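Asks: Sending over a structure as structure tokens; questions will come in a sec.
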Amino acid sequence: MSSSSINLPPSEEILATQAEIVDVFSLFDDWTDRYQYIIDLGRKLPDLTAEQKTEENRLKGCQSQVWIVTENRDGRLHYDAISDSAIVSGLIALMLQVYSDRRPAEIIATPPEFIKQIELEDHLSPTRSNGLNAMVRQIRQFAIEAMTAEHGQQAD
């Protein structure tokens, strides 16, 4: 199942969360303040356990060490993630705010438009931008796998 084969309307809930992020970022005068806000978000993330920080859970494509764990909780995907970099942890916090505890179909149907709206990629180094894109791909991949598993179980 590819994300292009799924034709669902975007999630209003996810769009509202993204709009909130855009509104918050509009309150800052410059990117120095925005970076500080991102770093502060990252510092508030709970750490993962040593058992969760495995090679299997490590995100490939990031210069920093990033671990992401997903759990299906009653049809919603809950994500936990952390990085050894403060700013990357902040980027993770933004992504979790948007996508954690959502239904897989909602995740797939609603791309992270807030990244463009706040011009985030324009203000990240190429390696951080690549890492952010890897994170988006991984979150969407987990959602695709969850939907595939769900549809497989229904066929049984």
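Values in this text are rule-based calculations from the coordinates and carry no lab data. Keep in mind that this is a model prediction, so the values were computed, not measured. We place every Cβ from the backbone using ideal geometry, glycine too, and count neighbours over all the protein chains shown.
Asks: Given a cut-off of under 8 Å on Cα pairs at least six residues apart, what relative contact order in percent is computed for segment 3-155?
Replies: On the way: 188 pairs, mean separation 45.4, N = 153.
About 30 percent, as a whole number.
Asks: At LYS53 and GLU12, where each label point lies 7 Å from the Cα along Cα→Cβ, what is the point-to-point distance in nanometres?
Replies: The answer from the label model is 4.2 nm.
Asks: While we're here: Using the Kirkwood formula over every pair of different C-alpha atoms, what hydrodynamic radius in Å results for the chain?
Replies: On the way: mean 1/r = 0.0620 Å⁻¹.
Evaluated over the chain, this radius sits at 16.1 Å.
Asks: Then there's this: Using the Kirkwood radius built from alpha carbon pairs, what does the Stokes-Einstein equation give as D for segment 1-92 at 4 °C and 1.567 mPa s, in µm² per second? Each step should come with its number before you reach the end.
Replies: Numbers: Rh = 15.4 Å.
Rounded, D is 84 µm²/s.
Asks: Moving on to the next point. Going by average Cβ density within 10 Å per residue, which order do the peptides 11-19, 60-68 take, highest to lowest?
Replies: Details: 11-19: 16.0, 60-68: 17.9.
Highest-to-lowest ranking by the protection proxy: 60-68, 11-19.
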